[in-house]
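Enquirer: Pasting a structure here, questions to come.
The values are calculated or read from the model by the stated rules, or taken from the named source; none is laboratory data. This one's a predicted model, so the numbers in the text were calculated from it and none came from an experiment. Here Cβ is always computed from backbone atoms with ideal geometry, including for glycine, and neighbour counts include all displayed protein chains. Ligands, DNA and RNA are stripped out before the accessible areas are found, and what is left, the full protein with its side chains, is counted by its heavy atoms. Shrake-Rupley method; radii C 1.70, N 1.55, O 1.52, S 1.80 Å.
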Amino acid sequence: MTTLIIGGSGFLGTELIRQARAAGHRTAATYHVTVPAFTSETAWYPLDLRDAERLAVIVAETRPSLIINASSGGADWATTAEAPVRLAMTARRHGSHLVQVSTDAVFSGIICGPDLALVV
Ligand SMILES: NC(=O)c1ccc[n+]([C@@H]2O[C@H](COP(=O)([O-])OP(=O)(O)OC[C@H]3O[C@@H](n4cnc5c(N)ncnc54)[C@H](OP(=O)(O)O)[C@@H]3O)[C@@H](O)[C@H]2O)c1
């Protein structure tokens, strides 16, 4: 089984890769600007989640059973809110399960975007 970790170069993503490999999964992972230490054990792909076409190419190429979105776009609405919607649709098209990690950006109590304000 292949697990694709979006944001594999990050704090959480690094640990998820380690644990997925320990569980016997093939791993593929993405980075945005932090070029990781490449190893033969994980297939790495550069990705900006705001690039829908690139995301689709990576999912089509890796054909993951499981996708984990461990990215953190902070206050960038396109990365934190819009991209996960596209990711969910892409996962569905390819029959992949998706785990979406919640962002700690909600801790302030308010999420604001151009068309949405959600008070939690
Ligand atoms: N760390 C914690 O204690 C903690 C606590 C609660 C919740 N969380 C949640 O867990 C998730 C991951 O957090 P983290 O601490 O692991 O974050 P992190 O270390 O900052 O890693 C963020 C990851 O997202 C990638 N990324 C950033 N912008 C991107 C973009 N536009 N397109 C694609 N990838 C992008 C980064 O790639 P590059 O590094 O290559 O730029 C990196 O791999 C977040 O949702 C965070 O809110 C974390």
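Enquirer: Report, by residue number, each residue of the stretch 12-36 that is touching a Phe, Trp or Tyr at 6+ places or on another chain (Cβ under 9 Å), under 19 Å from ARG63 (Cβ atoms) and not polar (S, T, N, Q).
Expert: Correct list: ALA28, ALA29.
Enquirer: On to the next question. Please find, among PRO84, PRO46, the residue that is within 13 Å of the ligand (Cβ to nearest atom), open to solvent by less than 30 Å² (accessible area, probe 1.4 Å) and under 16 Å from ILE5 (Cβ atoms).
Expert: From the options PRO84, PRO46, the qualifying one is PRO84.
Enquirer: Moving on to the next point. So, in the stretch 66-75, exactly how many residues are more than 10 Å from the ligand (Cβ to nearest atom) and open to solvent by 50 Å² or more (accessible area, probe 1.4 Å)?
Expert: 1
Enquirer: Against the condition among the hydroxyl-bearing types (Ser, Thr, Tyr) and at pLDDT below 75, how does THR90 come out, does it pass?
Expert: No, not satisfied.
Enquirer: Considering only residues that are without any contact (Cβ under 8 Å) to a residue 40 or more places away in the chain and open to solvent by 30 Å² or more (accessible area, probe 1.4 Å), which ones fall in the stretch 1-30?
Expert: Correct list: SER9, PHE11, THR14, GLU15, ARG18, GLN19, ARG21, ALA22, ALA23, GLY24, ARG26.
Enquirer: Right, next: Spot the failing condition for ALA78; the list is (1) farther than 14 Å from LEU4 by Cβ; (2) within 10 Å of the ligand (Cβ to nearest atom); (3) open to solvent by 40 Å² or more (accessible area, probe 1.4 Å), and only one is missed.
Expert: So ALA78 meets the others, but not (3).
Enquirer: Let me ask something else about it. Residues in the stretch 1-41 that are within 13 Å of the ligand (Cβ to nearest atom) and assigned to a strand (DSSP E or B): how many?
Expert: 6
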